[in-house]
Structure formats: structure tokens, C-alpha cells
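Student: Dropping the structure in here first, questions after.
Read-outs throughout are calculated quantities, based only on the coordinates presented, and are distinct from any laboratory measurement. These figures come from a predicted structure and were not determined experimentally. Note that each Cβ is placed from the backbone with ideal geometry, even for glycine, and that neighbours are counted across all protein chains shown.
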């Protein structure tokens, strides 16, 4: 009886959470194996793996996979490298340290759509953007970032938004670094690079693994920045998997193919998550 009562009280919330997760997944599985186009609601039927085949053989599929990998890798490398550097800079006491830390963290709280609009109109606009004025100051022709370098533009704005998160995690990690060990290494003749390479970096291994894991899981589903700025273009130059699924679902009105693509993205995300969880687990040993 003592065990039954707590379980009975927890049952409604557990069942609700289970249904919240399982119903959309089952519906996605169902739509992925039938022909269901919103423009032809009366023409439905079981098609097996045809939707998956259609999605994978889409001319935009492999470019979108490559764009997704490029976006993931670039943003993670930029945020980890710059995050470690900024964390080391602001970790030592200096006047105004608290204000600087707040300013460093604040971009992470900007909504994705607001972040995209800020970079599109305030920073990267080829006529009145900040970068255009910088280019003109040095006598150069302003760049139309969204047209000439669409994927790079998305990478820059995502890096700006996720850098504070990485920096915050790394600052927290540095706070637990053994100062006595650092002082002892200095007394033994270790240079600053030696301290960083052999003491600081190994100590930050766990936090780096956590940042990589969290960023990769979230960046797999990047959509708002691409939709707000480049629209996946020009052509498909900035289309990732999430935006390709959107195009199949809302532009082609093909729910079946979009559901197949969503399942493919879920499988890809789970593979990445399992790999990263194992990597984090090794760092925690």
C-alpha cells in the first residue's frame, strides 16, 4: 500500500506525458507510409517506403544534409574556441567584471526570430547595415550577405546567439579550477601555454563535451533564422534538413513526404545524441 499510493498519484502525469510524446510520433509514422497531399485530400492510400524514397531522392536532399553538417560543425567550432577564449579573459578579476559578464550572456536570451531580424536589417543590410558602413569606411564595396554568402550569414548569427551559452558554461568550469595546482605549476616553471594545455583544457573537457552535445541537438532543428533571413536560398544554398521538411510540408502540401523527412531527422538526431552522450560519459569517468 505504501508503494501503490505514490505510484497512483504519479500515474496521471506520467500517462499524460507519455501520450503527449507518443501520439504525435504515431501520427507521423502513420502519415509517412500513406499518400496524403493537402491538395488531394481524397486520394489516400498505403505507399510503404515510397515517401522515404521520394524524400531521399529529392535533388535538395543531399545539399541540405551537407548544409546541416556545415552549419553544425562551424557553429560548434566557433562557439567552443571563442567561448574558451572569452571565458579565460573574463575569469580573472577586473573593474566592471559583473557588467561584462552580463553583456556576454545577454545575446543568448534574444529570441531566434529577433536575432535573425537584427542581423538581417541592422548588421548585414548592404545599404544601411553596420557592416556596410564598415566596408565603405575602408573604401570597399559592401557585401550583400544574404545573397552572396547565405549559409555563412546564418552561421554568423547562430554563433553570436550560442556563444554566450558556451562562455557561461566555460566560466562556471573555470571557477572550479584548483588555483593551488596552477600556482604550483607556475613555481615549477610552467608557461601560460603549458598551464592552459595541460591543466586548464583537460579540466574543461567535461564542459566542452556538454556544450557540444547540447548545441548539436538544438542546431539540428534550426529553422527560424533561415526562414526569416534567406528563405533557404538563393536556390537551396542555405536549406538545411529542417527547412527542407518545411518546404515539403507547407510549400508542396505533401504531408506524407514531410512526415518521412521528419522521421529521418529524428533518427539522425538520436544517432547524434547517442554518440554525444557516450562522449560526455567518457569525459565524466
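Student: With an 8 Å cut-off on Cα pairs and a minimum separation of 6 or more residues, tell me the relative contact order of the stretch 47-170 in percent.
Tutor: 36 percent
Student: Need the full-extension length gain, residue 269 to residue 3, defined as separation in residues times 0.36 nm minus the C-alpha distance. One decimal, nm. Before the final figure, lay out the partial values.
Tutor: On the way: separation 266, 0.36 × 266 = 95.76 nm, distance 3.66 nm.
Gain on extension, residue 269 to residue 3, equals 92.1 nm.
Student: Among 89, 151, 72, determine the one that fluctuates most according to a GNM of the chain built with springs between C-alpha atoms less than 10 Å apart.
Tutor: Between 89, 151, 72, it is 89 that shows the largest mean-square fluctuation.
Student: For 198, 54, which order do you get if you count the other beta carbons within 10 Å of each Cβ and list the fewest first?
Tutor: Ordered from fewest to most neighbouring Cβ atoms within 10 Å, 198, 54 come out as 198, 54.
Student: Starting from the Cα of residue 109, step 7 Å along the direction of its Cβ; do the same at residue 127; then give the gap between the two resulting points in nm.
Tutor: 3.4 nm
Student: Helix 4-32: angle to the longest alpha-carbon principal axis of the chain, degrees 0 to 90, nearest 10?
Tutor: Long axis of 4-32 versus the principal axis of the chain: about 70 degrees.
Student: Would you mind ranking 22, 226 so that the residue whose beta carbon has the fewest other beta carbons within 10 Å leads the list?
Tutor: So the ranking, lowest neighbour count to highest, is 22, 226.
Student: Please report 50, 225, 92 as a ranked list, fewest other C-beta atoms within 10 angstrom at the top and most at the bottom. Could you put the intermediate results ahead of the total?
Tutor: Numbers: 50 16, 225 25, 92 8.
Ordered by Cβ neighbours within 10 Å, fewest first: 92, 50, 225.
Student: For the chain, what does the alpha-carbon gyration tensor say about shape, rounded, prolate or oblate, given a ≥ b ≥ c as the root eigenvalues, a/c under 1.5 as rounded, and a/b over b/c as prolate? Intermediate results must be reported in sequence, preceding the final value.
Tutor: Numbers: a/c = 2.33, a/b = 1.30, b/c = 1.79.
The shape class here is oblate.
Student: Let me ask something else about it. Working from Cα positions, state the angle (0 to 90°, nearest 10) between the long axis of helix 255-284 and the longest principal axis of the chain.
Tutor: 30 degrees
Student: What length, rounded to one decimal in nm, is gained on full extension from residue 22 through to residue 62, with 0.36 nm per residue of separation minus their alpha-carbon distance?
Tutor: Here the segment from residue 22 to residue 62 would lengthen by 11.5 nm.
Student: Here's another thing I want to ask about it. Taking the chain as a Gaussian network, where each spring joins two C-alpha atoms under 10 Å apart, which residue of 185, 242, 273 fluctuates the most?
Tutor: 185
Student: Nearest 0.05, what FRET efficiency do residue 253 and residue 184 give at R0 = 51 Å with Cβ-Cβ as r?
Tutor: Efficiency computed from Cβ-Cβ geometry: 0.15.
Student: In the Gaussian network model of the chain, springs joining C-alpha atoms below 10 Å, which of 248, 40, 70 carries the largest mean-square fluctuation?
Tutor: Highest fluctuation of the listed residues: 40.
Student: Could you give the length gained on full extension between residue 196 and residue 118, defined as 0.36 nm per residue of separation minus the Cα-Cα distance, in nm?
Tutor: Extra length from residue 196 to residue 118 when fully extended: 24.5 nm.
Student: Between residue 177 and residue 44, what is the FRET efficiency for a Förster distance of 45 Å, r being their Cβ-Cβ separation, to the nearest 0.05?
Tutor: With a Förster radius of 45 Å, E is 0.15.
Student: Quick one: compute the contact order of the stretch 1-57, relative version, from alpha carbon pairs under 8 angstrom and 6+ residues apart, as a percent.
Tutor: 22 percent
Student: Take every Cα pair under 8 Å in the chain that's 6+ residues apart, average their separations, divide by the length, and report that relative contact order as a whole percent.
Tutor: Once normalised by length, the contact order is 29 percent.
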